[in-house]
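Working notes for the structure below.
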Amino acid sequence: GDSRAVTSFMDGVCAGKALDALRRDTCLSFRGELLAAIATSQDAKLNAMGLCQHLWARLIDREQLRGEDSQKDREVKVLTQELAEARVHAAKAAEEQRQKDDAEAKKLEARAMELQAEAMRKAQQQQQEQ
């Protein structure tokens, strides 16, 4: 194996327009493993078994990582939804508390006016009695 010829050939294959990003990555992984196998081959004999084992190991690792990423994406989506729901709940709770506070403030204001009116009546009574 002439590594320059293999590199040139594989670069052409991996650059093909028919390959999407995942397949292009797979092609480039295969290219890297093939070149590594050529570099370590003895007497121009390629260790096909070792090449396949390395390639499959990398593909399996990559798929596991993609699966983990997909799981993480789902978890992020769920957490984002839960956060949005918590914000809505918090906004509702804050509005309810504001309404309760407003109602309580109105009650206190009314009571203060009653006390003020009572105090004025008492003051007028005292003035009349004198």
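The values are calculated or read from the model by the stated rules, or taken from the named source; none is laboratory data. In this text the structure is predicted, and so the values were computed from the model without any measurement. Reconstructed Cβ throughout: ideal geometry from the backbone, glycine too, with neighbour counts over all protein chains shown. Surface accessibility is based on the protein's heavy atoms, side chains included, excluding ligands, DNA and RNA. Shrake-Rupley method; radii C 1.70, N 1.55, O 1.52, S 1.80 Å.
Check whether at least one residue in the stretch 48-61 is in contact with a helix residue (DSSP H, G or I) (Cβ under 9 Å, 6 or more places away or on another chain) and either of a type in the set (Gly, Ala, Ser) or outside any helix (DSSP H, G or I) (or both), and report yes or no.
Yes, the stretch 48-61 contains at least one residue that is in contact with a helix residue (DSSP H, G or I) (Cβ under 9 Å, 6 or more places away or on another chain) and either of a type in the set (Gly, Ala, Ser) or outside any helix (DSSP H, G or I) (or both).
Among all residue pairs at least 6 apart or on different chains, which show Cβ distances below 7 Å where the first residue, located in the stretch 1-27, is under 20 Å from Thr40 (Cβ atoms) and the second is assigned to a helix (DSSP H, G or I) and open to solvent by 50 Å² or more (accessible area, probe 1.4 Å)?
Ser3/Ala39; Met10/Arg31
Hey, can you tell me all the residues within the stretch 60-97 that are hydrophobic (A, V, I, L, M, F, W, C) and modelled with pLDDT of 85 or more?
Ile60, Val76, Val78, Leu79, Leu83, Ala84, Ala86, Val88, Ala90, Ala91, Ala93, Ala94, listed by residue number.
What are the residues in the stretch 3-29 that are within 28 Å of the chain's Cα centre (by Cα) and exposed (fewer than 12 other Cβ atoms within 10 Å of the Cβ), if any?
Asp20, Ala21, Leu22
In the stretch 40-54, which residues are in contact with a Gly (Cβ under 9 Å, 6 or more places away or on another chain) and open to solvent by less than 100 Å² (accessible area, probe 1.4 Å)?
Those that are in contact with a Gly (Cβ under 9 Å, 6 or more places away or on another chain) and open to solvent by less than 100 Å² (accessible area, probe 1.4 Å): Ser41, Ala44, Leu46.
Which members of the stretch 51-85 meet the condition of being among the basic types (Lys, Arg) and over 27 Å from Glu33 (Cβ atoms)?
To start, the set of residues in the stretch 51-85 that are among the basic types (Lys, Arg) comprises 58, 62, 66, 72, 74, 77.
Lys72, Arg74, Lys77, listed by residue number.
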